[in-house]
1. Among Ser314, Ser337, Ser293, which is outside any loop (DSSP other than H, G, I, E, B) and at pLDDT below 65?
2. Please verify whether Leu536 is more than 25 Å from Glu272 (Cα to Cα) and either out of contact with any His (no Cβ under 7 Å at 6 or more places or on another chain) or modelled with pLDDT under 85 (or both), treating the condition exactly as stated.
3. Ser51 is checked against (1) under 29 Å from the mean Cα position of the chain (by Cα); (2) assigned to a strand (DSSP E or B); (3) among the hydroxyl-bearing types (Ser, Thr, Tyr) and fails just one. What number does that condition carry?
4. Restricting to region 576-598, name every residue that is out of contact with any Leu (no Cβ under 7 Å at 6 or more places or on another chain), more than 23 Å from Ser622 (Cα to Cα) and buried (at least 20 other Cβ atoms within 10 Å of the Cβ).
5. Might you let me know whether region 100-113 holds any residue that is buried (at least 21 other Cβ atoms within 10 Å of the Cβ) and either within 30 Å of Arg385 (Cα to Cα) or touching a His at 6+ places or on another chain (Cβ under 9 Å) (or both)?
6. What are the residues in region 502-515 that are of a type outside the set (A, V, I, L, M, F, W, C) and buried (at least 21 other Cβ atoms within 10 Å of the Cβ), if any?
7. Which one is modelled with the highest pLDDT among residues in region 383-416 that are at positive phi and surrounded by fewer than 19 Cβ atoms within 10 Å (Cβ to Cβ)?
8. Which one of the conditions (1) at pLDDT 65 or above; (2) under 30 Å from Gly691 (Cα atoms) does Thr258 fail to meet, given that it meets all the rest?
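The values are calculated or read from the model by the stated rules, or taken from the named source; none is laboratory data. Bear in mind the structure is a predicted one, so any value in this text is a computation, not a measurement. Every residue, glycine among them, receives a Cβ derived from its backbone with ideal geometry; neighbour counts consider all protein chains shown.
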Amino acid sequence: MTAAESQEQLYFALQTFTEVNRIITSSHNSDETLARTVRMIAKRIKVDACSIYIFDADQSILILKATHGLDPSTIEKVRMRPSEGLVGLVLERSVPVQESKMHEHPRFKAFPQTKEDSFSSFLGVPLIEHRKSFGVLVVHTVEPRTFSPEEVQLLSSIATQIASLVSKALLLKQLDTATQEPDSKPSEEISFQLYGQPVAYGVAVGKAVLLKQSDIEVPEKTSYRTAELEMSDFQAAMDHTISDTLELIEKVTDRVGTEEASIFHAHLMFLEDQHFQEKIESKIEEGNTAAWSIYNTVHEYLKAFAEINDPYLSEKGADLKDVGYRLLHYLGHEVLSVTKKTGILVVRQLLPGDIARMDTTRIKGIVLSSGGVVSHAAILARSLRIPVVCLEDNELEQIKDGTPIAINGDTGFAATYPNKEVLDEFKHLLLKQHNYYEHLEEFRDIPCTTSDGVRINLLANVALGGDAIQLISYGAEGVGLFRTEIYFLSLDRYPNISEQTKVYRDLLESVAEDQPVVFRTLDVGADKAAPYMGFLDEDNPFLGYRAVRRQLKEKTVLKEQLSALLHATGKRPNVRVLFPMITNVSEIKQAKALFEECRKEIETSGKTIAKIAVGMMFEVPSAFLICEKFMSEIDFCSIGSNDLTQYVLAVDRNNPQISDLYDPLHPAVLKLIKQLVETADEHNKPVELCGEMASDPDGCVILVGLGIDSLSMNAPLIPVVKKRLSEISLSDAKSLAQKALAASSPEEVREIIREYFPDSHSKVKHKA
């Protein structure tokens, strides 16, 4: 294409986009908008027909919503499964599909009522929002025609432009239905409004989808087959479940990132644990069925966990229950399966695997019982943008299948048979939520700056080398935390130096050299460890023999990791090493000495190593209180806000009974952070922060106001932080931070922020 042709193509595209915008702004309803849009497209790109199909998740069908060129009487009447026709193929693949002679394509299916038999060519492009295809834009010509790459790109761009319009139009229709106050309700049904526990942000309105959840019936114990056959069944179930778990890890990684996917590594640990397998196998060898042997072994573990009454073990119990149920599923036993209905899921407890498999186009929200908050499941729900509210058991029992219900995951509010006032408010909230997520897409590819132009560095937490692909997708500016323990936990033995070197080098090669990569050394303890690591049970693993404490006493593992890191770095700049769980100066001195020992050994062989900055995690209160003593020993500071909050407040965030007390915006936590920032600034040491606080829309504002200009978080949350920080000046952030330091509670801090950002996800009461 010549420069003149390229210029002409660009001008044509701009004209088209301008006309689409004119239609969007001047149309009065969704049907009119779609009708005008397809007419305009058909005219401008000179085709004989243009149509829009929308995927209805409730019915799992594609529906013709607008057309110019096909029989208009078939609008809303032509319906097809995603597995049918070329339109379905576009939806399945989420990529453009074209065919100059569509009747010859194996996926072609005629719908005679549309009179499309008169057309020859087909070009379909997906309508995509939030990375999900929800419809298809199609054009036809009577004569065979092969569309040029420029034409395909133009139609794809138009599809991108109208996707938001179509999505919003559909949302408005859904809202009119969902928020329509019932003319009457059964006399025995009661309207009620409740304030439960907010678990995952967002609002949802729909009909309750009640899932009865009961423990699996005890399988038949005595086997009438040989032990060999039962053992074969057990091994097959193990293979299927391991494969299923690996697929879950891949699926969750693709949808929200490896940080969340790492949850399922605990499942693999159970499956691959030799002791767990041997207990099941011994029961089979005694003449019992494979199903009973699995069931009995799982429940032995669960009973032991319950008797110890430890929140951490409760979390592990949920993981084990998930694994056990999936093993039994492959042996033919019915377990809770995520529903194919559309609405608000109401269930006592959901396991992480349930949420990972959930069709988020159907499940608009979740209501659990108070005993059903499993932190792993909650993390997944938040990442997948599924609002979750937790109610008391007796309150949950009042909700019947099909009951209209509205929930607010920001506040914990729930209402059955909501009145007009509540419905009107929720309609407003749902539209705001839709617009918010739509607006987020604009922030992926732009630098993070405050409203007055101050640059803030946003980095990504990654757990496996493949996570680096997310850096570009979400606009990360480097790796702020590479959690090397996830790599170690995925193995059945300690990796050797060459194996580690390859993993670290692969990560470094996938990140631009002008961007930083921070490697945290192995951070494991009895609470998170693979069987081969040989950790003993501890009463309180968070305060136990972990991280640097262990690595400095058993130096071989740490020395090999540091050597591998040095080999991988070579001459590459912007590499940093981070030591976790430092409580006193002697620990960082020992760690540095071991690092220098490794460096000298490698340089003696003639290899040149670039300067690697050495930092420490500030996550233990003692380190903050004597932070000045560390400054001469380190190049940078990294705050681990999750553990810091836990240690300062003496709150186990995985304990549902006290989880409401866990809030990193507690003034005590903020004062320690402020002290570190001021001290580091005096010594010209940069301060970074990684942890959930960095991605909290409220927390990031306070952190920037406290003087932190580098935040690291799960990559999918970076656009959220970019948007929030773009809405405030540095001076205003500093003012809010000062007010927060003077507050008496995290609730007061969040109220201060809400006054500045009325749309903040702060924990305040619903106004109904």
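1. Numbers: Ser337 fails: outside any loop (DSSP other than H, G, I, E, B); Ser293 fails: at pLDDT below 65.
Criteria check complete, one pass: Ser314.
2. For Leu536, the condition - more than 25 Å from Glu272 (Cα to Cα) and either out of contact with any His (no Cβ under 7 Å at 6 or more places or on another chain) or modelled with pLDDT under 85 (or both) - is not met.
3. Tallying (1) under 29 Å from the mean Cα position of the chain (by Cα); (2) assigned to a strand (DSSP E or B); (3) among the hydroxyl-bearing types (Ser, Thr, Tyr), Ser51 fails exactly one: (1).
4. Selection gives Arg576 alone.
5. Taking region 100-113 and keeping what is buried (at least 21 other Cβ atoms within 10 Å of the Cβ), we get 102.
Cutting the leftovers down to either within 30 Å of Arg385 (Cα to Cα) or touching a His at 6+ places or on another chain (Cβ under 9 Å) (or both) gives us 102.
Checked against the condition, which is being buried (at least 21 other Cβ atoms within 10 Å of the Cβ) and either within 30 Å of Arg385 (Cα to Cα) or touching a His at 6+ places or on another chain (Cβ under 9 Å) (or both), region 100-113 yields at least one hit.
6. We begin by selecting, within region 502-515, every residue of a type outside the set (A, V, I, L, M, F, W, C); these are 502, 504-506, 509-510, 513-515.
Tyr504, the sole residue that qualifies.
7. To start, the set of residues in region 383-416 that are at positive phi comprises 385, 402, 412.
If we keep only those that are surrounded by fewer than 19 Cβ atoms within 10 Å (Cβ to Cβ) as well, we get 385, 402.
Numbers: Arg385: 78, Gly402: 86.
Filtering first and then ranking leaves Gly402.
8. (1)
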